[in-house]
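Just below is one structure, and these are the notes that go with it.
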Amino acid sequence: MRRSFVGVLHSAGFDVIEAADGFIALETLKETSAAAVVLDVRMPVLDGFGVLDKLDDPPPVIMVTAHPYDDDVVKRRDKIYGFVQKPVPPQALITLVGDVMRISR
């Protein structure tokens, strides 16, 4: 799924940095200034919510999951800009990331 997202976003013109697990994502976010982050809820080693909880001031975050979540619960997490359920159509991913990039500038 990660490689698919990277390919879709890269082909749409976004600069993309990927991380194989949650701890790598944390280290990467500490070393770079990302305009937006796409996190899968079920990431290896440390899940997406775990990553999110360890970030003090993250860029806008889009959470991705295969399972439905209650939107009201997710909206209460002030670090999350958007929440999408798999499978994510490529154009929907591009649109959402583009929206996030515009608000983060």
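The values are calculated or read from the model by the stated rules, or taken from the named source; none is laboratory data. No experiment lies behind these values; they were computed from the predicted model shown. Neighbour counts are summed over all protein chains in view; Cβ atoms, including those assigned to glycine, are modelled from backbone coordinates with ideal geometry.
Observations on the model:
- Among the residues of region 64-99, those identified as modelled with pLDDT of 90 or more and either under 17 Å from residue 36 (Cβ atoms) or surrounded by 17 or more Cβ atoms within 10 Å (Cβ to Cβ) (or both) are 64, 88, 90, 91, 92, 93, 94, 95, 96, 97, 98, 99.
- The helices (runs of 4 or more DSSP H) located wholly in the chain that include 1 or more residues which are touching a residue at least 60 places away in the same chain (Cβ under 8 Å) and of a type in the set (Phe, Trp, Tyr) occupy 2-11.
- Filtered residue count, region 22-41, keeping only those that are surrounded by 14 or more Cβ atoms within 10 Å (Cβ to Cβ) and either touching a Cys at 6+ places or on another chain (Cβ under 8 Å) or not aliphatic (A, V, I, L, M) (or both): 4
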